[in-house]
1. Please tell me if Val284 is in a loop (DSSP other than H, G, I, E, B), surrounded by 17 or more Cβ atoms within 10 Å (Cβ to Cβ) and either among the basic types (Lys, Arg) or touching a helix residue (DSSP H, G or I) at 6+ places or on another chain (Cβ under 6 Å) (or both).
2. From (1) touching an Asp or Glu at 6+ places or on another chain (Cβ under 8 Å); (2) part of a helix (DSSP H, G or I), pick out the condition that doesn't hold for Met51.
3. Scan the range 121-153 residue by residue and report those that are free of Cβ contacts under 8 Å to residues at least 12 places away in the same chain and out of contact with any strand residue (DSSP E or B) (no Cβ under 9 Å at 6 or more places or on another chain).
4. Do any residues in the range 279-292 that are in contact (Cβ under 8 Å) with a residue 24 or more places away in the chain have Cβ atoms under 8 Å from those of residues that are of a type in the set (A, V, I, L, M) and part of a loop (DSSP other than H, G, I, E, B), where the two are at least six apart or on different chains, and which pairs are they?
5. Answer with yes or no whether Arg326 is touching a residue at least 40 places away in the same chain (Cβ under 8 Å), of a type in the set (Lys, Arg) and open to solvent by 70 Å² or more (accessible area, probe 1.4 Å).
6. Among the numbered criteria (1) assigned to a helix (DSSP H, G or I); (2) over 21 Å from Thr166 (Cα atoms), which one does Phe327 miss?
7. Out of all the residues in the range 1-15, which are assigned to a helix (DSSP H, G or I) and of a type in the set (A, V, I, L, M)?
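The values are calculated or read from the model by the stated rules, or taken from the named source; none is laboratory data. Since the structure is predicted, the reported quantities are computational estimates derived from the model, not experimental observations. For neighbour counting, all protein chains shown are included, and Cβ atoms are generated from backbone atoms with ideal geometry for every residue, glycine included. When the accessible area is computed, the model is the full protein with side chains, heavy atoms only, and any ligands, DNA or RNA have been set aside. Shrake-Rupley method; radii C 1.70, N 1.55, O 1.52, S 1.80 Å.
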Amino acid sequence: MKILLALIVSFVVTAVVGKLLIPALVRLKAGQSIKEIGPTWHMSKQGTPTMGGLMFIIGIGVAILIFGWSGMLEGDFTHLYVYLFALVFGVIGYIDDYEKVKHHQNTGLTSIQKFLLQLAAAIVFLCLMRYEGMLSPNLYIPFFHTHIVMNWVVYLIFAAFVIVGTVNAVNITDGVDGLSSSVTVPVAAFFAILGYVWSGYTQLGVFGGAMVGGLFGFLLYNRYPAKVFMGDTGSLFLGGAVAALAFAYDMPLILLLVGIVYICETMSDIIQVAYFKLTHGKRVFKMAPLHHHFEMCGWNERKVVAVFTTVSLIFCVLAYLGVYNRFGI
């Protein structure tokens, strides 16, 4: 019940905050600058308010404090750790967005600055989770219900790069109206359901439920045609939340399934760049990342969102089948 109520409250708060935030962003001239290398028809989106991710960050925060309060009184702060970790990434994204808006161009922090900040945040989070006894260096294998025992230092290095990779993969996915938020709804629902069916993980379920509600509230304004973009503020927060939940449940490999869309988007970018350099100008995709390729193939934005979200949902169901009896359920 708490998980469902967290979803509802997060949705309502996000929707209300959106009503107030969007006009404020317009007054502040916090408009998105569109890259010239992107699809030409995206230039019409120039000036659409960005940093809209603030609305679901607030909505999720309010919901988890209310419905996670009883758990916190009992000493369980897991959901709060996940939120604060995601919030750190949201702050990094906010700084990046602010620099873009301030200078009216689509470049904020440098790649190395973002990477170092994200890596530091990941290491601190992992060490905290390890200290609190919520994370082990034993790598859980979905479907096989076994573990690979790893040295803690090796695991820490592996985990830190997985987190940074996940965060940036979610960020890359945010390129079409409603895409990143829609694709992440099944992922958040997956983690919410696990919190419901597994005893001892209710707090994480509350966070997952609040995340679903916040994203639905945001989609009121972000679905095509978008009235606001989440910006790096929102996409880095979402990436941090998804990665943190996977590690808080102590099963990071599940990201290979629930994050399949993020992975495909990122790999399309990597393949495109590598092939372009190796062949001196040839391309595998009409445009990268992947959502732009399908746009160039004639898909409209709503079809891209619908198909990608369906793929995300299917793989989240597979992920659930791979872990549901982990604790003998």
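1. No; evaluated as a whole, the condition is false for this residue.
2. It fails just one condition, (2).
3. Within the range 121-153, Val124, Tyr131, Gly133, Phe144, Val153 qualify.
4. Within 8 Å, the pairs are His291/Val176.
5. no
6. Among (1) assigned to a helix (DSSP H, G or I); (2) over 21 Å from Thr166 (Cα atoms), the lone unmet condition for Phe327 is (1).
7. Ile3, Leu4, Leu5, Ala6, Leu7, Ile8, Val9, Val12, Val13, Ala15
Residues checked against (1) out of contact with any Ser or Thr (no Cβ under 9 Å at 6 or more places or on another chain); (2) open to solvent by 60 Å² or more (accessible area, probe 1.4 Å); (3) outside any loop (DSSP other than H, G, I, E, B):
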position: Met134; (1), (2), (3): no, no, no
position: Leu139; (1), (2), (3): yes, no, yes
position: Phe144; (1), (2), (3): yes, yes, no
position: Val154; (1), (2), (3): yes, yes, yes
position: Ile157; (1), (2), (3): yes, yes, yes
position: Ser182; (1), (2), (3): no, no, yes
